[in-house]
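These notes are about the structure you will find just below.
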Amino acid sequence: MLTRKPRLRLALPRGLSIVEFMVGVAVGLFVVGGATKLFVDYLGNNRRLLLETRVNQDLRAAADLIARDLRRGGYWRNATTGLSSDPASAPVLNPYSAMSLASGVLSYRYAKDADNTPDSDEQMGVRRDLVGGVGVLQLRTADAWQTITDPGTLNV
């Protein structure tokens, strides 16, 4: 009697089951969600750092302008005319030496010309003012006040 050997069946390729598919989608969504969260955090930190840099730059530039202008305060181009070799004669006082802080405005003068007379264009100052409801620093140049801080970046 001849016995027949059972034939081995080759496994035919089959698709994914619904459970395998759902697990794969869930893992993929988890990875994409984590990457999105990291990207959003990166953008938020980058924006915050940019704003901090703008504020620092704005304050540094304003401080430099104010310090440079204040160093000139009291400068008198003809200071040598106030000196005298005769001890009996009274020295000429510097007409630019007055500084005041009245009603929140720091006022000072310095000579721009050689006429020994403080003119209106030689009156300088620094103040805090409101522009559109935002506090800004302003520097007086001649007869006009010029805003030196950005109201969109910094509220002084």
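How much solvent-accessible surface does LEU65 expose, in Å² to the nearest 10, with a 1.4 Å probe and all protein chains in place?
70 Å²
Nearest 10 degrees, 0 to 90: what angle lies between the long axis of helix 18-72 and the longest principal axis of the chain (Cα atoms)?
In the chain, helix 18-72 runs at an angle near 10 degrees to the longest axis.
Please give the residues of region 134-150, grouped as numeric ranges, whose backbone N is less than 17 Å from a label point set 7 Å along the Cα-to-Cβ vector of ASP64.
Residues 139, 148-150 fall inside that zone.
For region 17-156, give the magnitude of the charge dipole about the Cα centre (Cβ charges: +1 Lys/Arg, -1 Asp/Glu; no others), in debye to the nearest 20.
Rounded to the nearest 20 debye, it is 300 debye.
Once the Cα atoms of the chain are picked out, what are the Rg and Dmax in Å?
That works out to 38.2, 152 Å for Rg and Dmax.
Expressed in nm to one decimal, what extension gain is obtained for the pair ASN56 and VAL131 from 0.36 nm per residue of sequence separation less their Cα-Cα distance?
That pair, ASN56 and VAL131, stretches by 25.0 nm at full extension.
Within a Cβ distance under 14 Å of GLN57, other residues only, what is the Lys/Arg minus Asp/Glu net charge?
Neighbour charge sum, excluding GLN57 itself: -2.
I need the peptides 36-44, 115-123 ranked by packing, meaning the mean over residues of other C-beta atoms within 10 angstrom, with the highest value on top.
Result, highest mean first: 115-123, 36-44.
Roughly to the nearest percent, how much of the accessible area of the chain is carbon and sulfur, given a 1.4 Å probe?
Exposed carbon and sulfur together represent 61 percent of the surface.
Given a 1.4 Å probe, how much area per residue of the chain is accessible, in Å²?
78 Å²
Amide H to amide H, which residues 5 or more places from GLY135 or on other chains are under 5 Å from it, using H placed in the peptide plane?
Those lying under 5 Å, H to H, from GLY135 are VAL156.
What is the spin-label model distance, in nm, from VAL156 to ARG14 if the labels are put 7 Å beyond Cα along the C-beta direction?
7.8 nm
From largest accessible area down, sort VAL55, VAL19; use a 1.4 Å probe on the protein chains.
VAL19, VAL55
The values are calculated or read from the model by the stated rules, or taken from the named source; none is laboratory data. In this text, all values refer to a predicted model and were calculated from it rather than measured experimentally. Neighbour counts run over all protein chains shown; Cβ positions are idealised from the backbone, glycine included. Accessible surface areas use protein heavy atoms only, side chains included; no ligands, DNA or RNA. Shrake-Rupley method; radii C 1.70, N 1.55, O 1.52, S 1.80 Å.
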